[in-house]
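The next block holds one structure in the form of structure tokens; read it before the comments.
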């Protein structure tokens, strides 16, 4: 039997079992409609469920690649289950309400961040139910780009979903379904006119797309930041008109302080490595904090914590450096798991932050896409602690209240002897989405560090202004 014949038979069957009804109905949003779909009844008709599943498989899913299937709760769950069995692909289940006990997960099943998931839905009107499921899956680090559905009501849902990077493939549109039914003498021409007029006049509301952080100003993003340090840093950048972070990888306190006297007014953030300083002292920290207050910059201790929670807690607050006392924010690896974030949670309510390493700029590093996605997912559980991510890619995270800290920048592209790959300011800000740009040797090793800092500051700021103007060409 041809696909067209199968679709005709299915449409007629849906009409005969009252899965599609014509008359005067009121939707749950209070809108009057001449056509109503109640696909929940299909669970009582195994032959209909098999027919729908086979047609979705043959027509909608044919060229799609995916690791998992997820039905939008609840009507689509039986169809998603059948498709999982037919395709031998694992199924995930989204809870409408996250359970308050046990794992507290919103997505049930076995999956890894970075894997892809195909959405299965019955009817799309505005697309809001699909988007709720998509966003929960994406929060877990899963990639979602496609949805297969039984019926598109043609009321704006496909556009809403496309705006959030989800493409839909449907067995029927409202138009194709009523055309089949009128040709098979199930409904009158008058009803067809009524439905088509209704479609023309009644479009679902546009669902706002999540804000694109790349196009938002630092001032706007400061309002959206949940971490106090991120809010502060956005405001400093906007006020000083600089998104330059200076990496002072120097071993002498005198040289560090002298350098900051010269360039402090041009930077928003100073990145330190306390454990390479040969004459480290509390007096140095006092003077460093004074410079930070005078020039209005924040301090990032690039410690890259990576141990178990208890050890990190001690490394952060005790020992020779007592980093928690003076660094506004620190860097950490996600490798040990959530324990590391619990250990770095603000001591005594002080305003502190963490940049998690989601990517590195060194050649041959071992961070995989799956690791990156899992890092972002882990951070979403600690919104008031996370300042942002150290990363190289604008697609690493979406939240405009977080900051992308990008190292490995020089005015000319190059690579050093130890495998560090450098990119230009234009590439890092316009293409890769960097917010705060880290420059070290490009300024520190210059004949005139101050003059070079001004060049970097101006170049980086121009790139930022170009980006938020939306004129990237």
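Taken together, the values in this text are just the output of simple stated rules run on the coordinates, not laboratory data. If you're wondering where the values come from, they're calculated on a predicted model, not measured in any experiment. A quick note on method: Cβ atoms are made from the backbone with ideal geometry, for glycine too, and the neighbour counts reach across all protein chains shown.
Kindly express, to the nearest 10 degrees and within the range 0 to 90, the angle between helix 449-469's C-alpha long axis and the longest C-alpha principal axis of the chain.
So the inclination is approximately 10 degrees.
D for region 40-81, whole µm²/s, Stokes-Einstein with Kirkwood Rh over alpha-carbon pairs at 10 °C and 1.306 mPa s: what number?
Result for D is 144 µm²/s.
Mind ranking 391-400, 51-60, 306-315 by how tightly packed they are, going by the mean number of other C-beta atoms within 10 angstrom, highest first?
391-400, 51-60, 306-315
Would you mind computing Rg(Cα) / (2.2 N^0.38 Å) for the chain, counting N as its residues?
Here the answer is 1.21, to two decimals.
Taking the Cβ of each residue in 371, 456 as the centre, tally the other Cβ atoms inside 10 Å and list the residues starting with the fewest.
371, 456
Could you tell me the relative contact order of region 250-381? Use alpha-carbon pairs under 8 Å, at least six residues apart, and round to a whole percent.
It comes to 19 percent, rounded to a whole number.
Return the percentage of antiparallel bridges among DSSP beta bridges fully within region 213-469, rounded to the nearest 5 %.
Percentage antiparallel, nearest 5: 10.
In what sequence, highest mean first, do 116-128, 160-172 appear when ranked by Cβ atoms within 10 angstrom?
For the peptides 116-128, 160-172, the packing ranking is 116-128, 160-172.
Report the far tail of the P(r) of region 266-411, meaning the percent of Cα-Cα pairs longer than 23 Å.
The proportion of pairs with Cα distances above 23 Å equals 35 percent.
What number, in percent, do you get for the relative contact order of the chain if the mean sequence gap of Cα pairs under 8 Å and at least 6 apart is divided by its residue count? Before the final figure, lay out the partial values.
Working: 861 pairs, mean separation 54.5, N = 473.
Over the chain, the number comes to 12 percent.
Using only Cα positions of region 304-351, each an equal point scatterer, no hydration layer, compute I(q)/I(0) via Debye at q = 0.16, 0.17, 0.24, 0.27 Å⁻¹ and quote the log10 values to two decimals.
-0.37, -0.42, -0.85, -1.06
Could you list 333, 273 so that the one with the fewest beta carbons within 10 Å of its beta carbon is first and the one with the most is last? Present the calculation step by step, with values, prior to reporting the outcome.
Details: 333 19, 273 15.
Fewest-to-most ranking of 333, 273: 273, 333.
Using the alpha-carbon centroid of each, what span in Å lies between region 255-293 and region 177-233?
When both Cα centres are located, 50 Å separates them.
May I ask what percent, to the nearest 5, of DSSP beta bridges between residues of the chain are antiparallel?
The answer is about 20 percent antiparallel.
Among 304, 65, 88, what is the fewest-to-most ranking by other Cβ atoms within 10 Å?
Final ranking by Cβ density, sparse to dense: 88, 65, 304.
Quick one: what does P(r) look like for region 3-201 with 5 Å bins over all Cα pairs, in whole %?
1, 7, 16, 19, 19, 16, 11, 6, 3, 1, 0, 0
Once R0 is set to 35 Å, what does the formula 1/(1 + (r/R0)^6) return for the Cβ-Cβ distance between residue 162 and residue 276, expressed as a FRET efficiency to the nearest 0.05?
Calculated value: 0.10.
One-quarter of the Cα convex hull surface for region 164-221, in nm²?
Working: hull surface 23.8 nm².
The number I arrive at for region 164-221 is 6.0 nm².
Under 8 Å for C-alpha pairs, at least 6 residues apart: give me the relative contact order for region 213-469, rounded to a whole percent. Working shown, then result.
Working: 493 pairs, mean separation 56.4, N = 257.
Relative contact order for region 213-469 comes out at 22 percent.
Taking N as the number of residues in region 311-384, what value does Rg over Cα atoms divided by 2.2 N^0.38 Å take?
On the way: Rg = 13.1 Å, N = 74, 2.2 N^0.38 = 11.3 Å.
Ratio of Rg to 2.2 N^0.38 Å for region 311-384: 1.16.
How big is region 178-251 on each of its three principal axes, counting only the C-alpha atoms and giving the largest first in Å?
Taking the Cα atoms of region 178-251, the three principal extents are 86, 24, 20 Å.
Name the shape class, rounded, prolate or oblate, that the alpha-carbon gyration tensor gives for region 32-136, where a ≥ b ≥ c are the square roots of its eigenvalues, rounded holds for a/c under 1.5, and otherwise prolate holds if a/b is larger than b/c and oblate otherwise.
It comes out oblate by the Cα gyration axes.
Shape verdict for region 213-469, please, from the Cα gyration tensor: rounded (a/c under 1.5), prolate (a/b greater than b/c) or oblate.
Taking the square roots of the gyration eigenvalues as a ≥ b ≥ c, region 213-469 is rounded.
For helix 46-55, report the angle its Cα long axis makes with the longest principal axis of the Cα atoms of the chain; keep it between 0 and 90° and round to the nearest 10°.
Taking the Cα atoms of the chain, the angle to 46-55 is about 60 degrees.
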